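Everything below concerns the one structure shown next.
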Amino acid sequence: LEIIDTCVIGGGVVGLAIARSLAPVVNDLIVVDQAPHIGQGVSSRNSEVIHAGIYYPQDSLKARFCVEGKQLLYEYCESHKVSYQRCGKLIVANGDDEEQALAGISAKAAANDVEDLQHWGAKKLSEVEPAVAGTAALYSPSTGIVSAHELMASYLGDVEANGGFFAGSSRVVSIKIDGDGFVVEADVGTGESFLFRCRQLINSAGLGAQQVANTIDGYDKAMTPELFFCKGNYFTLQGRNPFNHLIYPVPDPSGAGLGVHATLDLGGQVKFGPDVEYQESEDYSVSEARCSEFYVAIRKYFPSLEDGALVPGYAGIRPKLQGPGDPVRDFVVQTQSDHGISGLVQLFGIESPGLTSSLAIGQYVADLLSEPELHE
Ligand SMILES: Cc1cc2nc3c(=O)[nH]c(=O)nc-3n(C[C@H](O)[C@H](O)[C@H](O)COP(=O)(O)OP(=O)(O)OC[C@H]3O[C@@H](n4cnc5c(N)ncnc54)[C@H](O)[C@@H]3O)c2cc1C
């Protein structure tokens, strides 16, 4: 039986960020993932936006990690040469009701220590973004975009530089608590398994986190929060990019998504999305039929969108803890003080802004494991 000090399950942006924080302070570390390579899960199917931290409830983990993580991420991208752009974002209102909603968003942002939002009138908006229609807008200068894959490759580089390593094609299928550690079995295909013992175990398996939790013999499964697959579909814009910033509508009051917005990637391609589609299974197909709803939503702020300009792009699935119509849920980070198992940290519901938050989550989990008494 191989003995490894610390195991992180999940080689997505969050698992890798946790691993890079832990690698310098533990004896040895492994990141295991069922996929052959890092970053094949939720982390490869998102908007790649560095969020400012505007919308999340005050004192939530989402607000805290997003605001801290954004700052850390900009510094990291700069020092580690990860491609990013601090392009800024506009939240565009049309009409009195939405303008009032902007005031609410400003107040929420201020409560989260996001103090740099600017209120723009229709004139300024049309000068800066001539293709965008709106009666007012909020400008967020600290919003940006990042290459998620470059970021993850860089995190893995940090892990490896500190003696950690990545084991792909290793699907965790069983975990047993054994004395002051865990015996983990990973299915490596070809009917074989990789069995090892570790002292510390971090479940950062994204859409698989609930399944992993439920394989832990000795963990109270009633503590596993229910998972809802919440798909977000994207359509890409054919032709020239008409925008200078990311363009968002006023978000849906349900809090399930941020509304069908226009995001730029680092190559200047415009994509619209993601919408909100709860489904029963992990299905990534983008149905052409959803296109008509996109035209309606987008034309509210981009009226010159031409028929036929949208083509199906890709879809991502949010690992949501809230079902359709339920109130917004926060990230869940379970530690010894929740489940009583020493050395075990489990993350659930790491949807947006998980990418932005990754470095802050990494630091938080490393602190939890090194000084659990501080968090009880
Ligand atoms: C549509 C959409 C848009 C988003 N937009 C943004 C955005 O613009 N900005 C932002 O900050 N965030 C955004 N997010 C959120 C962000 O993408 C996620 O929070 C982040 O990628 C989560 O990373 P992760 O490492 O937790 O999950 P993942 O990247 O999914 O990593 C988990 C890994 O665990 C592995 N795994 C699962 N089960 C097992 C098992 N049994 N054994 C071994 N390995 C296993 C998977 O293969 C996977 O690689 C968005 C999310 C979605 C869905």
- Other-chain or far-sequence residues with amide H under 5 Å of V250's (modelled H): V92
- Query: Given H placed 1.01 Å from N in the peptide plane, which residues other than close sequence neighbours of S174 have an amide H under 5 Å from its amide H?
  - Reply: E185
- With 0.36 nm assigned to each residue of separation and the Cα-Cα distance removed, E78 to V328 gains 86.7 nm
- Query: Near K81, which lysines are there with a Cα under 20 Å away, not counting those fewer than 8 places off in the same chain?
  - Reply: K70
- Query: How long is the gain from Y284 to S60 if the chain were fully straight, where each residue apart is worth 0.36 nm and the alpha carbon distance is subtracted?
  - Reply: 77.7 nm
- Could you pull out every Cys in the chain that lacks a partner Cys with its beta carbon under 4.7 Å away? C66, C77, C87, C230, C291
- Please provide three numbers in whole Å: the alpha-carbon extents of the chain along the principal axes, with the largest listed first. 67, 42, 40
- Out of T335, V183, I145, whose Cα points farthest toward the positive end of the dipole of the chain (charges: +1 Lys, Arg; -1 Asp, Glu; placed on Cβ)? I145
- Query: What whole-number value in cubic angstrom gives the convex hull volume per residue for the C-alpha atoms of region 238-338?
  - Reply: 154 Å³
- Message: When 1/r is averaged over all different Cα pairs and the result inverted, which Kirkwood radius in Å belongs to region 142-277?
- Response: 18.9 Å
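Can you sort K271, K70 so the residue with the fewest Cβ neighbours within 10 Å comes first?
Fewest to most other Cβ atoms nearby, the residues stand as K271, K70.
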- Item | Low-density loop positions, GluC sites (Glu not before Pro), region 71-127 - DSSP coil, at most 15 other Cβ in 10 Å | E115
- Message: Please give me the summed charge of the neighbours of S106: other residues whose Cβ is under 15 Å from its Cβ, Lys and Arg +1, Asp and Glu -1.
- Response: -3
- Computed from the beta carbon distance with a Förster radius of 56 Å, FRET efficiency for C291 and D220 to the nearest 0.05 stands at 0.80
- Message: Taking the square root of 5 times each eigenvalue of the Cα gyration tensor, what semi-axes in Å does the equivalent ellipsoid of region 16-60 have, largest first?
- Response: 26, 19, 8
- Query: Whole-Hz Karplus ³J(HN,Hα) for region 348-361, in order, using 6.51 cos²θ - 1.76 cosθ + 1.60 and θ = phi - 60°, x for Gly and Pro?
  - Reply: 10, x, 7, 8, 4, x, x, 5, 4, 7, 3, 5, 5, 5
- Item | Distant-in-sequence amide H partners of R318 (H built 1.01 Å from N, under 5 Å) | C230, K231, G232
- Item | Cα-Cα over 24 Å, subset of K108/K221; K124/K231; K89/K124 | K108/K221; K124/K231
- Task: Order the peptides 232-242, 20-30 from the highest to the lowest mean number of other Cβ atoms within 10 Å of their residues.
- Result: 20-30, 232-242
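Readers should treat all values here as calculations from the given coordinates under stated rules, not as data from a laboratory. Remember, it's a predicted structure, so these values are computed and weren't measured experimentally. Neighbour counts run over all protein chains shown; Cβ positions are idealised from the backbone, glycine included.
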